[in-house]
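First up is the structure itself, then whatever we jot down about it.
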Amino acid sequence: MQTRKHTAIKWCAFIFIFIIGVIGTVILAVSLRIVFDNDYSYLLFHGSGSYLAGYVLVATGVSLMIVSSIGCTGVAKGNPPLLGLSVFCFVLLVTVQVTFGRVAYNELAPFHEKVHLGIFWAIQRHYGNDIANTTVIDLIQQGWKCCGLNTYASWSNSLYSKRHVPKGAWPTKTFIVPKSCCIDWQSDLCEEMHLDGIRNINTPVGHVLFMEGCGPKVIGAIDYYIGCLFGFGAVIVSFEIIATILCAVLLYELIKGAYLIKFRTIKSPESTDLIASEQPGIPPREIPVSHPSTTAYSSTRTSATVTEKAFSSLV
């Protein structure tokens, strides 16, 4: 029964640790895709601090893969040092992840404000001047089908619009929006807007531009992704806690088995005599000596007497 229990614990620990390694591989692949692929860069807005979160995900994926490798090797080989190291690493990972999650939750409101201000200044000052901000704004507007910060009218006071509208042009409320705001980039009604609508009053604005602002959409998407991330993180932490407990139990079983073997070896009679003979002042255990039986003693005595008489007659 003890052997079955040990085998069950070993297999459960190996499966949970292997799943953690697979999760770490998925996290690493997704985070690298988001950080380095331009098609997904609108998920991590420049200057908002979210690039730090992306690299934290990369580090998390690498750490999970390394710890999983150590744990699987320790479980498969029954190696106590590797099991002890994996227990320590899992405890450290759980502590860091819980701490980071708590800090991230407390920083969620300031993070929303940073994202909001980042989009605002990118629209008002940097669009058309800075390649990075221009690319990100275009990706945001096309990726989430939005325009401006709160509405398309956010572009009316932007430097991009002022550069493209001649001074004194009529009507005075005319402004320019980027083509990334347009549903159809090829439309003639796309770029030139008016605060009261587009220049062709017979065409609704909603048929030409994305009507929703990018600020609420980006923040809503961030909240959704963070919620998924927290849920996914809770699952990972649960798996890590289970793996830690199983590795600790397995380590305890291995240490206990090794101790019992050593204890039985020390307590054996041969080991006791050897230890006693090597320690001065401790008399060795007396070993009973078997005495010959009475019949054997009498026969031996009789044969000795006959031999003695024969010798006397010769003399």
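Data overview
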{"read-out": "Largest-first ordering by accessible area, 1.4 Å probe, given options K10, K5", "value": "K5, K10"}
{"read-out": "Karplus-derived 3J(HN,Hα), 6.51/-1.76/1.60, for each residue of segment 130-144, Hz, glycine and proline x", "value": "10, 5, 4, 5, 4, 5, 5, 4, 4, 5, 5, 5, 7, x, 9"}
{"read-out": "Among the listed pairs K145/K217; K162/K217; K114/K217; K114/K162, those beyond 18 Å (Cα-Cα)", "value": "K162/K217; K114/K162"}
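The values are calculated or read from the model by the stated rules, or taken from the named source; none is laboratory data. Computed from a predicted model, the values in this text were never measured in an experiment. Ligands, DNA and RNA are stripped out before the accessible areas are found, and what is left, the full protein with its side chains, is counted by its heavy atoms. Shrake-Rupley method; radii C 1.70, N 1.55, O 1.52, S 1.80 Å.
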